[in-house]
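First the structure, in the form of structure tokens, and then the observations on it.
Just so it is clear, none of the values below were taken in a lab; they were calculated from the coordinates. Just so it is clear, the structure is predicted and the values come from calculations on it, not from any experiment. Backbone-built Cβ (ideal geometry, glycine too); neighbour counts: all protein chains shown.
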Amino acid sequence: MDRLIVSVSGVRGVVGESLTPEVARRFGCAFGTMLGTGGTVVLGRDTRPSGADLRDAVTAGLLDTGVSVVNLGIATTPGTALMTVELGADGGVVITASHNPGRYNGIKFFQATGTALTAGEAARLKGIRESQRHARVGAGGRGVESSDDTVHRRHVARVLDVCDADIIARRNFKVVVDSVNGAGCIVTPKLLEQLGCEVIHLNGEPSGRFAHNPEPIAENLADLCAAVRESGAVAGFAQDADGDRLAVVDESGRFIGEEYTLALAAAFVLRHRKGDIATNSATSRMVDDLASAAGVRVVRTPTGEANVVEGMVREGCILGGEGGGGVIEPRVVSVRNSLVGIAFVLQYMAETGRTLSELVHEIPAYVMLKTKLPCPPGAAERVVAAAREAFAAREGARLNEDDGLRVDLPRAWVSVRASNTEPIMRIMAEAPEREAAEALVAEVRKIADTTIGDRP
Ligand code: MG
């Protein structure tokens with residue numbers, strides 16, 4: 001049996017094993033208790049067939065605590081977050097396991113601001129659920145269930161507010177979109193229609209039967225790359241199952257790498273407005289190069305969407321995001337949003353008259369390498385301490401210990417940190433050349449092996 005994963009980003013498990021309707025109902029009770037009787041929650045779900053039962057279970061739990069529920073039907077994660085704000089709700093819930101395969105499902109929770117829960121709030125929710133001390137109301141105090149079908153229309157409208165639809169529409173771009181039969185299926189063509197695009201929609205049925213693993217990474221997107229090549233489209237866009245992450249394919253059918261989604265969005269935004277950008281410590285340095293050319297700062301935060309948003313709010317950033325294809329435009333809602341990413345990339349192409357490969361070529365290129373190794377309990381701190389000692393005296397080294405250790409060197413960086421969800425450590429390095437990145441990974445790997453091997 002798999003283990004239910006309860007983290008700051010929500011709950012995730014295999015349906016029928018660790019994640020059952022009863023588990024979902026209890027999380028509904030806990031979230032309702034946390035918000036307080038009389039509150040309202042907006043609830044959406046991605047297209048997974050298990051979503052309807054889990055939605056009903058979470059709804060029952062919320063109603064039992066005296067919290068009312070507004071059902072959105074099938075909605076993306078950013079769409080649900082946006083509706084939490086637009087309807088003035090006290091919180092939001094989306095039933096999704098994001099990029100995980102179809103046998104999984106999960107529950108993500110939002111604050112009234114539409115933002116993911118902070119670590120403190122997530123811990124409080126977990127505590128209420130474990131204590132089972134839920135608010136109980138009599139039949140007269142139960143919440144009320146209603147539905148609202150405006151999520152897609154409102155989401156498109158808010159994205160159109162932050163881009164120039166006329167400039168894009170004049171180009172009559174042909175694009176290919178792979179929505180993996182997930183939550184992006186319904187809303188994405190509506191946006192692209194407003195942007196005057198001709199759309200070839202792969203996996204565009206909101207059936208939840210994923211045509212491939214829903215993570216938008218190279219190995220899952222061969223069909224999208226081929227469709228772009230064969231159709232002569234100017235771009236290919238791949239969404240994950242809940243429509244928050246986006247990966248981009250250029251006009252030659254080449255997958256350009258998910259790190260480029262935020263880099264392209266940042267390059268576009270900085271043409272128009274000067275302001276700081278927030279991203280996590282595992283994201284490519286491409287963003288730093290773009291920011292420094294524009295004379296703005298990059299605010300680095302620990303990994304986790306809530307941390308990035310917290311950094312954005314604290315420092316007044318105009319854009320945020322994560323290297324895995326997550327673009328956060330706070331004027332829409334402070335959640336990663338594939339629709340914003342699509343609109344920004346299209347407008348960037350439209351107003352420069354350049355192809356995607358040309359725009360990518362203008363951004364300084366790096367090679368990013370990632371590796372993981374088993375991490376016995378307590379070993380992570382020792383490895384970080386040993387790596388700190390090894391790198392502290394290195395010329396030009398800047399050390400950041402908000403989240404494990406990240407060492408920025410003049411032309412490269414390397415990081416090591418413990419996973420939040422698995423007993424492993426992750427080592428990442430990025431440099432202009434592969435050999436330099438490999439050398440950094442090898443150096444930290446050796447430190448880890450020595451440290452973990454030395455002391456049992
Ligand atoms: Mg996702």
Return the sequence-ordered ³J(HN,Hα) values of segment 308-317 in whole Hz as given by the Karplus equation 6.51 cos²θ - 1.76 cosθ + 1.60 applied to θ = phi - 60°, using x for Gly and Pro.
4, 5, 4, x, 4, 5, 4, 9, x, 6
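Please rank Ser146, Ser415, fewest neighbouring Cβ atoms within 10 Å first, as an exposure proxy.
Working: Ser146 10, Ser415 24.
So the ranking, lowest neighbour count to highest, is Ser146, Ser415.
Inverting the mean 1/r over all pairs of different Cα atoms, compute the Kirkwood radius of the chain and quote it in Å.
Details: mean 1/r = 0.0442 Å⁻¹.
Radius from the Kirkwood sum: 22.6 Å.
How large is the translational diffusion coefficient of segment 265-393 in µm² per second when you combine the Kirkwood radius over alpha carbon pairs with Stokes-Einstein at 25 °C and 0.890 mPa s? Write down the numbers at each step before the final one.
Numbers: Rh = 16.2 Å.
So the translational diffusion coefficient is about 151 µm²/s.
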HN-Hα couplings for segment 49-55 via Karplus (6.51, -1.76, 1.60; θ = phi - 60°), in whole Hz with x for Gly/Pro, come out as x, 6, x, 5, 5, 5, 4
Show me, for segment 399-404, the HN-Hα J-couplings you get by feeding each phi into the Karplus relation (A = 6.51, B = -1.76, C = 1.60, θ = phi - 60°), rounded to Hz, glycine and proline as x.
9, 10, 10, 5, 8, x
Run the dipole for the chain about the Cα centre, Lys and Arg Cβ at +1, Asp and Glu Cβ at -1, nothing else charged, and hand back the magnitude in debye, nearest 20.
820 debye
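What is the mean projected area of the alpha carbon convex hull for segment 367-453, to one decimal in square nanometres? Each step should come with its number before you reach the end.
Working: hull surface 20.4 nm².
The Cα convex hull of segment 367-453, projected and averaged over all directions, gives 5.1 nm².
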Relative contact order of the chain (C-alpha contacts under 8 Å, at least 6 apart) in percent is 12 percent
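Return the percentage of antiparallel bridges among DSSP beta bridges fully within segment 5-149, rounded to the nearest 5 %. It would help to have the intermediate numbers written out before the result.
Numbers: 12 of 27 bridges.
DSSP beta bridges in segment 5-149 are roughly 45 percent antiparallel.
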Please report Rg (one decimal) and Dmax (integer) in Å for the Cα set of segment 409-450.
11.0, 32
Listed by chain and number, the residues whose amide H is under 5 Å from that of Val69, excluding neighbours fewer than 5 places away on the same chain and using placed H, are Val41, Val144, Glu145, Ser146
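Taking other Cβ within 10 Å of each residue's Cβ, how do Met368, Met286 sort, fewest first?
Working: Met368 19, Met286 24.
Sorted ascending by nearby Cβ count, the order is Met368, Met286.
Looking at the chain, send over the antiparallel percent of its DSSP beta bridges, to the nearest 5. Display every interim value, and only then the final one.
Working: 42 of 73 bridges.
Counting DSSP beta bridges with both partners in the chain, the antiparallel share is about 60 percent.
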Ranked from highest to lowest mean number of other Cβ atoms within 10 Å per residue, what is the order of the peptides 384-391, 328-335, 306-313?
328-335, 306-313, 384-391
Two decimals is fine: what is log10 I(q)/I(0) at q = 0.10, 0.12, 0.16 Å⁻¹ for segment 154-361, from a Debye sum with one equal scatterer on every Cα and no solvent?
-0.37, -0.54, -0.99
What does the helix-only formula give at 222 nm for the chain: each DSSP H stretch with n ≥ 4 adding -39500 (n - 2.57), the total divided by the residues, and the result rounded to the nearest 500 deg cm²/dmol?
-12000 deg cm²/dmol
